[in-house]
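The values are calculated or read from the model by the stated rules, or taken from the named source; none is laboratory data. The structure presented is a predicted model; accordingly, all values stated were derived computationally and were not measured. Note that we place each Cβ from the backbone using ideal geometry, even for glycine, and neighbour counts take in every protein chain shown. Side chains are part of the model used for accessible areas, which takes the heavy atoms of the whole protein and leaves out ligands, DNA and RNA. Shrake-Rupley method; radii C 1.70, N 1.55, O 1.52, S 1.80 Å.
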Amino acid sequence: MSHSTEKIYSHPDKLLTTHLFNVATNSRKIFEDIDTDDDFLPIISFFVGLTHDFAKCTSFFQNHLFNNTRSPKAHHSFLSAILTYYVIKSHIEENSIETDTNYPVLAYLVVKNHHGNLKNVFDEHKNFKENMDVVDVQVNDILGRNLASFNEFYLQHGIDINRFLANIDSIKQDLKKDLFKLKMEDKLENYTNLILLFSVLIDSDKLDASYTDVCERIQVEGDIVDKYKDEQHFSNEGINNVRQRAYDEVNNQIEHITLNDKLYSISLPTGLGKTMTALSFAMKLRNKILNERGVLPRVIYSLPFLSIIDQNEEVIKEILRSNDYNSQDVFIKHNSTSEIYYKTREDEELEIDNAELLIESWYSEIIITTFYQVLYTIISNKNRSLKKLHNLNNSILIFDEVQSIPPKYWKLINVLLKNMAKKYNIWIIFMTATQPAIFDKSVMLPLIEDTDYYFNKFDRVNYVFNLEKQSIDDFKEFIVEETFADEKDIMIVVNTIQNSIDIFKYLSEYLPEHELYYLSTNILPFERKQRISSIKNTQNRKIIVTTQLIEAGVDIDVDIIYRDFAPIDNIIQTAGRCNRNQLKDKGTVNIIKLVNEKGVEFNSYIYDTISRETTHQLIKDIDSITEKEFIHTLGKYYEQLNEKISKEKSNDILDQISKLEITNITHDFNLIEQQIEKEDVFIDMNKESHEIWTKYEEINTSNKKRYYKKREFEKIKSEFRKYILSIDIQKIRTLPLKYGIFYMDKQDAERKYDKQLGFISLEDEEAFII
């Protein structure tokens with residue numbers, strides 16, 4: 001198939017010049033909408049977009065596009081990237097622009113890798129000559145073709161393609177020298193500029209190639225939470241009075257803050273309605289920024305765990321629905337399990353591929369997501385993670401339960417967020433009971449000034465410490481006696497799944513008449529959700545056996561807790577499930593130390609030595625303490641932890657970032673640490689699960705293209721994931737791997753999945769076989 005000059009294509013249905021201009025224009029617009037002091041970035045991004053697919057004009061690529069001819073000569077990114085370097089360097093020189101940033105090489109790296117992930121600059125320099133023979137062949141191909149009007153397209157933007165091709169040898173030499181210079185630099189700004197330019201290009205490229213239109217921004221009213229609260233007619237008595245005072249105190253700060261303040265804190269006890277308070281403040285801050293700066297920030301609400309997103313999502317949805325905001329261009333949820341569904345305010349339901357692009361790049365006014373999604377957006381070299389980065393610009397970013405960030409990364413988060421708050425124009429709100437020592441208090445503006453007032457109002461529990469070591473068997477006997485001695489609701493929280501199973505089985509044998517509940521990650525997510533609902537709705541006395549899963553915002557309320565030893569912040573999170581709304585007599589949180597048959601504490605299986613030892617030193621002389629007193633111990637814990645914890649991991653990653661040695665950065669930044677390697681298993685346990693699995697098999701065995709299979713899977717993903725359990729790889733044993741996931745059929749499920757306790761490991765199987 002031959003093509004005249006006017007018929008050079010970037011995609012089967014799109015002219016190359018149209019695609020280049022669209023990507024360039026959209027890229028420039030993104031930067032023009034960013035409130036930044038660097039006026040050169042919009043120009044750079046325009047040139048990056050204009051040149052990123054230049055080498056698709058070769059006959060090799062055109063043959064690949066229309067005849068599916070595969071050849072290394074059809075690869076277009078390298079030659080396109082050399083043109084990008086040349087164009088930006090020429091523009092700087094011709095316009096005598098003074099800059100300390102090596103923008104031409106950064107732009108080269110962006111274009112060269114725009115179909116994959118960013119690589120180490122050291123490797124880019126080392127391997128520079130690898131594909132040079134292909135580039136030479138491509139140059140000769142272009143010179144031998146009649147591309148007059150294609151050249152004219154570039155001349156309209158001040159780019160002389162003929163001059164570029166005639167001087168390409170000297171341009172390559174200059175590029176290699178400049179790559180070496182960049183390799184020798186040690187500047188955080190190189191990283192932040194690189195990932196921002198990369199984000200803008202890859203997102204603009206994907207949107208244009210897929211014909212995905214971005215919705216016009218929506219000015220959501222700033223008082224939506226106020227209106228919702230008025231409609232609900234919440235009682236203003238008791239704890240609600242304290243909640244309202246906190247809500248008013250935070251929101252009244254809007255009148256007094258200046259927008260130069262970028263870091264805020266909200267420090268309040270569990271149960272004081274932080275979600276509504278933070279959202280209301282963020283929406284008012286958003287309006288203030290619009291009125292004073294002329295930019296409309298997105299509100300990004302992030303939480304540490306998937307298990308608590310749904311709860312907060314429902315709160316926000318209810319607020320928005322009451323204000324007639326029902327579309328995904330106003331509110332989306334984004335995490336690894338999110339449903340791919342996007343309907344606009346014009347009631348247009350988008351195709352799955354378009355919806356996925358908009359959701360994954362955060363094209364909405366309010367986004368609820370995880371710490372994982374946020375932090376792997378700013379600490380990453382991955383294409384998929386970075387494409388949404390540019391939508392962090394001009395945003396209001398909320399970290400709820402910020403203490404969940406591992407202490408070894410506190411310095412890393414401090415440096416990056418302070419830098420990006422300034423460069424990317426981000427306002428950040430940190431929420432927790434007591435702020436961890438990520439930032440010095442002097443750099444954060446507290447939105448709650450008299451925190452002691454609220455903690456003094458919340459004296460719901462006493463903490464009782466019994467730190468003498470005891471075996472599981474001794475504890476089981478003790479808890480049975482305690483159950484008969486009292487009629488109060490009891491929750492037992494242990495540090496390992498095996499401990500929780502052993503205790504639950506023992507209680508089931510000795511307390512058959514009692515209402516017992518078992519919760520852990522050993523049971524399927526939809527069953528956990530059902531059990532939590534049953535616990536909340538039952539009027540009977542209940543006994544719950546669980547693991548640290550319960551810390552993650554699970555809305556359960558009991559009278560007495562027995563908690564195996566853990567770091568102080570984990571203890572306090574668990575205590576938030578005791579006398580939660582201060583409607584009962586004072587609750588009791590008992591801290592115990594369970595050990596195995598060799599005397600080893602089970603807490604050592606889960607928590608690091610520094611956190612455990614710091615906690616022990618702070619509480620070893622305490623027999624009993626009130627909630628309002630214990631919160632001050634948490635502050636001391638964070639201070640001591642910050643002094644003791646190694647900064648090595650943070651320093652290593654900051655060093656990689658500053659030197660652009662970023663190939664392994666997402667591996668080295670390990671936000672979610674697992675002591676054991678786990679794999680996902682689909683458990684085919686009932687009629688519904690079998691129907692879903694059958695659909696999954698049909699998708700994967702069809703002769704359709706991978707694109708079709710992905711689209712069809714998205715339609716069933718949310719239902720499919722209901723039956724997914726992450727299991728220790730050592731315990732999966734003989735389960736077959738089917739279509740990328742381990743599969744447990746119905747016959748196996750009857751043996752390996754107990755209706756009460758969930759997955760049964762091989763060593764326990766015989767006990768369940770009849």
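Here r is the Cβ-Cβ distance between S336 and D652 and R0 is 25 Å; the resulting FRET efficiency, rounded to 0.05, is 0.45. Placing a label point 7 Å from the Cα of D585 along the Cα-to-Cβ direction, the residues of the stretch 618-642 whose backbone N falls under 19 Å from that point are 624-627.
For the stretch 479-494, backbone nitrogen atoms closer than 13 Å to the point 7 Å from I622 Cα along Cα-to-C-beta are found at no residue. Potential lengthening of the chain between E152 and D608 amounts to 157.8 nm, from the contour at 0.36 nm per residue minus the alpha-carbon distance. For the chain, carbon and sulfur atoms together expose 45% of the accessible surface, with a 1.4 angstrom probe and every protein chain in place.
Phi angles of the stretch 16-30 translate, via the Karplus equation with coefficients 6.51, -1.76, 1.60 and θ = phi - 60°, into HN-Hα couplings of 4, 5, 5, 5, 4, 5, 4, 5, 4, 5, 5, 4, 5, 4, 4 Hz per residue; Gly and Pro are given as x. Positive end of the dipole of the chain (Cβ unit charges, origin at the Cα centre): among I396, T270, W693, the Cα lying farthest that way belongs to W693. Distance from the Cα centroid of the stretch 325-380 to that of the stretch 156-193 is 36 Å (rounded to whole angstrom).
On the principal axes of its alpha-carbon atoms, the stretch 394-463 has extents of 44, 25, 20 Å, going from largest to smallest.
The coefficient of translational diffusion for the stretch 230-338, derived via Stokes-Einstein from the alpha carbon Kirkwood radius under 10 °C and 1.306 mPa s, stands at 101 µm²/s. What the Cα atoms of the chain give is an Rg and a Dmax of 28.9, 93 Å. FRET efficiency for L296 and K441, Cβ-Cβ distance as r, R0 = 35 Å, nearest 0.05? Working from the Cβ atoms, E equals 0.70.
Magnitude of the charge dipole for the chain, about its Cα centre and with charges confined to Cβ atoms of Lys, Arg (+1) and Asp, Glu (-1), is about 1660 debye.
Can you give the relative contact order of the chain as a percent, counting alpha carbon pairs under 8 Å and 6+ residues apart? The value is 13 percent. For the stretch 254-272 versus the stretch 552-609, the spacing of their alpha-carbon centroids is 29 Å. The listed peptides 372-383, 701-712, 198-209, ordered by packing as a protection proxy, come out as 198-209, 372-383, 701-712 (highest mean of other Cβ atoms within 10 Å first).
Full extension of the chain between Q219 and E487 gives 91.2 nm of extra length, using 0.36 nm per residue less the Cα-Cα distance. Between M420, A148, H19, the Cα set farthest toward the positive side of the dipole of the chain (charges on each charged residue's Cβ, about the Cα centre) is that of A148.
May I ask you to order 585-592, 102-109, 229-236, 84-91 by the average number of other C-beta atoms within 10 Å around their residues, highest value first?
The packing order, highest mean first, is 102-109, 84-91, 585-592, 229-236.
3J(HN,Hα) along the stretch 151-163: 5, 4, 3, 6, 4, 4, 10, x, 10, 9, 5, 4, 5 Hz, from the Karplus curve 6.51 cos²θ - 1.76 cosθ + 1.60 with θ = phi - 60°, whole Hz, x for Gly and Pro. For the stretch 541-622, GluC sites (Glu not before Pro) are listed when DSSP marks them as loop and at most 10 other Cβ atoms sit within 10 Å of their Cβ; the list is E597. Set the Förster radius R0 to 45 Å, insert the Cβ-Cβ distance between K126 and E351 as r into 1/(1 + (r/R0)^6), and round the FRET efficiency to 0.05. In this case the efficiency is close to 0.60.
Work out the length of the dipole vector of the stretch 694-733 about its Cα centre, built from +1 on the beta-carbon of each Lys and Arg and -1 on the beta-carbon of each Asp and Glu, and round it to the nearest 20 debye.
With only Lys, Arg, Asp and Glu charged at Cβ, the dipole is about 180 debye.
Considering only C-alpha atoms, what is the centroid distance from the stretch 680-734 to the stretch 451-520, in Å? Rounded to whole Å, the Cα centres lie 37 Å apart. By a 1.4 Å probe calculation restricted to protein chains, F60 has an accessible surface near 50 Å², given to the nearest 10.
Taking all protein chains together and rolling a 1.4 Å probe, M685 ends up with roughly 50 Å² accessible.
One equal scatterer on each Cα of the stretch 133-203, no solvent, Debye formula: the resulting log10 I(q)/I(0) at q = 0.13, 0.17, 0.24 Å⁻¹ is -0.62, -0.93, -1.05. The residues of the chain expose, per residue, 44 Å² of accessible area to a 1.4 Å probe. Ordering H114, H256, H616 by accessible surface, largest first, gives H256, H616, H114; the 1.4 Å probe counts only protein heavy atoms, with every chain in place.
Between N686 and K636, the modelled label-to-label distance comes to 5.0 nm, taking each label 7 Å out from Cα in the direction of the beta carbon.
Distance between the modelled labels on R541 and K710, one decimal in nanometres: 5.6 nm (7 Å Cα→Cβ projection).
Sort 210-221, 572-583 by the packing proxy (mean of other Cβ within 10 Å over each peptide's residues), most packed first.
Top of the packing list down: 572-583, 210-221.
Based on the convex hull around the alpha carbon atoms, the stretch 481-611 presents an average projected area of 8.4 nm². Computed extension length for D136-N703: 200.2 nm, one decimal, from 0.36 nm per residue of separation with the Cα-Cα distance subtracted. Helix-only arithmetic for the chain: the sum of -39500 (n - 2.57) across DSSP H runs with n ≥ 4, divided by the residue total, places the mean residue ellipticity at 222 nm at -15000 deg cm²/dmol.
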